[in-house]
Amino acid sequence: AAEHTIKTWGRKGTSNGIMGVWGEFVSVDYDICVADGGCIEACPVGVYEWFDTPGNPASDKKPLMSKEPDCIFCLACEGVCPPQAIKIFEQK
């Protein structure tokens, strides 16, 4: 399988202090993500996995949409996210 490149917006430098929004159609705002893992548990196709974010003021790990192309647009992750950090943009 081809490696998926995750697009980012608003990231400041290479530290995890300000991470911005990651993902093209499965988008997570890492600056408001509370990393409770709800999205990882809710996703029926395993789009997310934990990745380390040392230095982030909110948490030292975040859910990464490493299998973003597998998204079936069910919106389960968006619905369980307490701070509404996830936005899904369905691809036509």
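The values are calculated or read from the model by the stated rules, or taken from the named source; none is laboratory data. Small disclaimer: the values here were computed from a predicted structure and weren't measured. Here Cβ is always computed from backbone atoms with ideal geometry, including for glycine, and neighbour counts include all displayed protein chains.
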I need the full set of residues from region 58-69 which are surrounded by 14 or more Cβ atoms within 10 Å (Cβ to Cβ) and among the acidic types (Asp, Glu), in order please.
68
Do you know which residues across region 11-31 are at positive phi and either assigned to a strand (DSSP E or B) or within 9 Å of the chain's Cα centre (by Cα) (or both)?
23
Could you check region 1-24 and list, in sequence order, the residues that are of a type in the set (A, V, I, L, M, F, W, C) and either at pLDDT below 85 or in contact with an Asp or Glu (Cβ under 7 Å, 6 or more places away or on another chain) (or both)?
1, 2, 6, 18, 19, 21
With respect to residue 70, is the statement that it is charged (D, E, K, R) and more than 13 Å from the chain's Cα centre (by Cα) true?
yes
Matching option when the condition is more than 23 Å from residue 5 (Cβ to Cβ), in contact with a Gly (Cβ under 8 Å, 6 or more places away or on another chain), without any contact (Cβ under 8 Å) to a residue 40 or more places away in the chain and among the aliphatic types (A, V, I, L, M), among 76, 42
42
Restricting to region 32-43, give me the number of residues that are assigned to a loop (DSSP other than H, G, I, E, B) and crowded, with 19+ Cβ neighbours inside 10 Å.
2
Answer from 46, 55 - the residue that is touching a Ser or Thr at 6+ places or on another chain (Cβ under 8 Å) and either among the hydroxyl-bearing types (Ser, Thr, Tyr) or loosely packed, with under 12 Cβ neighbours inside 10 Å (or both):
55
